[in-house]
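First the structure, in the form of structure tokens, and then the observations on it.
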Amino acid sequence: MKIYKSLKVVRLGDSNIFSVHRGEINQTIYRNFITDNPNNIRLLKGVEIGRYNIRKNLSQGSREWFDEKKFLKSNSKKKIVDFNRIATQRITGVDERLRIVATLMDPIIYFADSTNSISLNISKTYRLEYLLGLLNSKLFQWRFKITSTNNNVGTNELNSMPFCTIDFSDKGDKARHDRMVSMVKNMLTWNKQLAAAKTPQEETVLERQIAATDRRIDQLVYELYGLTEEEINLIEAG
């Protein structure tokens, strides 16, 4: 209640800064356009999405692609595929530690309906990396679990998350936004490097960098939302 009463906080869906949608490719309706041919455009499925990364090994199914050329013969172009977007899983176990699992995807890529897609509306200030840091934070995991009653991660639930706005005319506020963006960029880079690491020593160094930055992101989120030490302890324990 305290978080939502802050003048800086709005529900994500009310911010008009980001647009949250279910992935645009219904895997049943558009099954004829989905293929295992890697010469086509990537189709992102929920099972592939990790925290700041794309999973190397899938727990089920296999990677697939989308035959856009064939699709466009009878369908109009989906312009959203040409933009950078945040991707989240649409289904996570109710008892799992991480309910919101999100990463950043570069175009051109189609999102299957087992994902959620978050795009940035026209803005010369906010960056997707800022929101990605919030989504993957302990605060957002804690908040999501309060009202989640099943294993779905719906667009309505994401739109209800407390988005902390930034006053870009305030140097301190802008610095916090930019610091978040910088740390999230590092997280994305280091997770890619970790997936390609060739030695245990390299893995250890990257894992330590990721863990340390993850903690710094959480601390920055607590600072953005003005939480007390007691409130932080409550979230950390949850």
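The values are calculated or read from the model by the stated rules, or taken from the named source; none is laboratory data. This is a predicted model, so every value here is computed, not measured. Every residue, glycine among them, receives a Cβ derived from its backbone with ideal geometry; neighbour counts consider all protein chains shown.
Observations on the structure shown:
- Residue check for residue 206: surrounded by 11 or more Cβ atoms within 10 Å (Cβ to Cβ), among the aliphatic types (A, V, I, L, M) and not in a helix (DSSP H, G or I): no
Per-residue answers, yes or no, for (1) at pLDDT below 95; (2) hydroxyl-bearing (Ser, Thr, Tyr); (3) crowded, with 19+ Cβ neighbours inside 10 Å:
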residue	(1), (2), (3)
73	no, no, no
89	no, no, yes
92	yes, yes, yes
97	yes, no, no
116	no, no, yes
129	no, no, yes
145	yes, no, no
150	yes, no, no
165	no, yes, no
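- Qualifying residue in region 58-71 (condition: in a loop (DSSP other than H, G, I, E, B) and either charged (D, E, K, R) or surrounded by 22 or more Cβ atoms within 10 Å (Cβ to Cβ) (or both)): yes
- Inclusion of residue 163 among residues that are aromatic (Phe, Trp, Tyr) and in a strand (DSSP E or B) is warranted.
- Any hit, region 77-84, residues being under 28 Å from residue 211 (Cα atoms), surrounded by fewer than 20 Cβ atoms within 10 Å (Cβ to Cβ), of a type in the set (Phe, Trp, Tyr) and in contact with a strand residue (DSSP E or B) (Cβ under 7 Å, 6 or more places away or on another chain): no
- Residues of region 8-26 include none that is part of a loop (DSSP other than H, G, I, E, B), among the aliphatic types (A, V, I, L, M), at pLDDT 95 or above and over 30 Å from residue 224 (Cβ atoms).
- Tally of residues being under 24 Å from residue 145 (Cβ atoms) and in a strand (DSSP E or B) across region 89-119: 9
- Count - residues of region 142-155 that are of a type outside the set (Ser, Thr, Tyr), assigned to a helix (DSSP H, G or I) and touching a residue at least 60 places away in the same chain (Cβ under 8 Å): 3
- Single match in 106, 113 (criterion: touching a strand residue (DSSP E or B) at 6+ places or on another chain (Cβ under 7 Å), acidic (Asp, Glu) and touching a residue at least 12 places away in the same chain (Cβ under 8 Å)): 113
- Any chance residue 178 is more than 18 Å from residue 13 (Cα to Cα), touching a helix residue (DSSP H, G or I) at 6+ places or on another chain (Cβ under 9 Å), among the charged types (D, E, K, R) and not in a helix (DSSP H, G or I): no
- Residue check for residue 192: assigned to a helix (DSSP H, G or I) and at negative phi: yes
- Filter pass, residue 192 being among the basic types (Lys, Arg) and within 21 Å of the chain's Cα centre (by Cα): yes
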